[in-house]
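To start, the structure itself, in structure tokens.
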């Protein structure tokens, strides 16, 4: 799991959610690598599907406003 985060490989659910919101995708792509890596890890480290989805929703909502989600 850590290798995926280090390589900045977006989980499919996160990529789809970001792609569904053009502004969130644009902002996300502009974030530095370190925060993206941490947020990807935050998503993939979730143990329950509900937690994973909630984290993805938070990331997309915050990115749409140009903010990095705080976890």
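Laid out as a table, the results:
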item: Candidate set: the range 19-37, residues that are under 13 Å from residue 68 (Cβ atoms) and in contact (Cβ under 8 Å) with a residue 24 or more places away in the chain; chosen: the one surrounded by the fewest Cβ atoms within 10 Å (Cβ to Cβ); result: 33
item: Pairs with Cβ under 8 Å, 6+ apart, first in the range 44-55 and surrounded by 10 or more Cβ atoms within 10 Å (Cβ to Cβ), second outside any helix (DSSP H, G or I) and at pLDDT below 95; result: 44/1; 45/1; 55/69; 55/71
item: Set 18, 14, 39, 8: member being touching a helix residue (DSSP H, G or I) at 6+ places or on another chain (Cβ under 7 Å) and either at positive phi or part of a loop (DSSP other than H, G, I, E, B) (or both); result: 8
item: Lone unmet requirement of (1) free of Cβ contacts under 8 Å to residues at least 24 places away in the same chain; (2) surrounded by 14 or more Cβ atoms within 10 Å (Cβ to Cβ); (3) assigned to a loop (DSSP other than H, G, I, E, B) for residue 70; result: (2)
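Quick grid of which residues meet (1) farther than 20 Å from residue 3 by Cβ; (2) part of a helix (DSSP H, G or I); (3) touching a helix residue (DSSP H, G or I) at 6+ places or on another chain (Cβ under 8 Å):
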| site | (1), (2), (3) |
| --- | --- |
| 43 | no, yes, yes |
| 52 | no, yes, yes |
| 55 | no, yes, yes |
| 60 | yes, yes, yes |
| 63 | yes, yes, yes |
| 66 | yes, no, yes |
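The values are calculated or read from the model by the stated rules, or taken from the named source; none is laboratory data. Everything numeric here is computed off the predicted structure, so don't read it as measured data. Note: ideal-geometry Cβ built from the backbone for every residue, glycine included; neighbour counts use all protein chains shown.
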